[in-house]
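Below is one structure, written out as structure tokens, with a few remarks after it.
The values are calculated or read from the model by the stated rules, or taken from the named source; none is laboratory data. Computed from a predicted model, the values in this text were never measured in an experiment. Here the Cβ positions follow ideal geometry from the backbone for every residue, glycine too, while neighbour counts run over all protein chains shown.
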Amino acid sequence: MTDSSASIQPINPDPRILTLLVIGTEDNVRAHILRQHSLGVAEVSAWSRPIPVPHCPDKVLCVLNRIMI
């Protein structure tokens, strides 16, 4: 028997990287991303494309990775 915890990989091995995840309806996610852009948080193009959430037909998710300095 092997130790399964040894095979677990962190989402971002670099501790400086912060991952932001937004889940909601496509309209709400898009509005949030545009709001973050207007506040200077991140460019719209820095976010992932909308990804459908399994078993939630009306939900999508978008991901943003940022290096925290």
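Structure notes:
- Within region 12-57, being part of a loop (DSSP other than H, G, I, E, B) and more than 23 Å from M68 (Cα to Cα) holds for T25, P50, P54, H55.
- Some residue of region 38-46 being free of Cβ contacts under 8 Å to residues at least 60 places away in the same chain, over 24 Å from D14 (Cα atoms) and surrounded by 12 or more Cβ atoms within 10 Å (Cβ to Cβ): no
- Considering residues of region 18-32 that are modelled with pLDDT of 95 or more and over 14 Å from I51 (Cα atoms) only, the residue surrounded by the most Cβ atoms within 10 Å (Cβ to Cβ): H32
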